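No value in this document is a laboratory result; all are computed from the given coordinates. Predicted model, so just to flag it, every value in this text is computed and none were measured.
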Amino acid sequence: MRIIAGKYRSRLLKMVPDERTRETQDKVRGAVFNTLQDYVINSSVLDLFAGSGSYGIEAISRGAKSVIFNDINSISIRTIKDNLKIIEENNYQVFQLDYKKLIAKLNLLNINFDLVFIDPPYKLNIYEEVMNGLVNLINPDGIVICEMDKKRVLDQAKISQYKFIKEKIYGSKKVEYYQKI
């Protein structure tokens, strides 16, 4: 796995040595960032279920202003911290919290985001809950990127504060893009 583009292009990233973690392939991550284009530059980013941190690190490489990484798994946190050592930046924070606790903390701190990556373990089935918990933290026109099993269908009625933009399918996974309205 590697950083695809930007300031740290081609640097190798470690994968989480835990079979419970699904890494996003370079091809998929590259396609996601190609869709986002220049929207990443100077953005505030949340990589909520960060795993190895590849989405957030790619965002930093492409010019994001700041990134918050979160994962509850201690092995993932070690991997994120190891991967962050290969970049010469300090515009990030790393948290090891349950997603509900992190969302509550971010709401208390009133931290806002332009981009949010939501890629939880697929079996959790929490996309709508997470999106609604984050709604006050997402800047107007902010983008939420949800990675999920290709058979998963989000209940649009439960996430009415977001506008569906598009979806792309890559093998067994699907990536959906939403914009806060």
Exercise for the section: May I ask you to evaluate 6.51 cos²θ - 1.76 cosθ + 1.60, the Karplus curve with θ = phi - 60°, for each residue of region 157-165 and list the ³J(HN,Hα) values in order in whole Hz, giving x for glycine and proline? Expected result: 5, 7, 10, 5, 8, 10, 9, 5, 9
Practice task
Enumerate the lysines that K158 could reach by cross-link, defined here as Cα to Cα under 16 Å, with residues fewer than 8 away along the same chain left out.
Solution key: K180
Exercise for the section: Could you run the Debye sum over the Cα atoms of the chain, one equal point scatterer each and no solvent, and tell me log10 of I(q)/I(0) at q = 0.08, 0.09 Å⁻¹, two decimals? Expected result: -0.21, -0.27
Completion exercise
Reduced to Cα centres, the span from region 139-166 to region 1-80 in Å works out to 20 Å
Exercise for the section: Excluding residues fewer than 8 places away in the same chain, name every one of the aspartates and glutamates whose C-alpha is closer than 15 Å to that of K166. Expected result: D141, E147, D155, E176
Practice task
Using 0.36 nm per residue of separation minus the Cα-Cα distance, give me the extension gain between Q156 and D26 in nm, one decimal.
Solution key: 43.9 nm
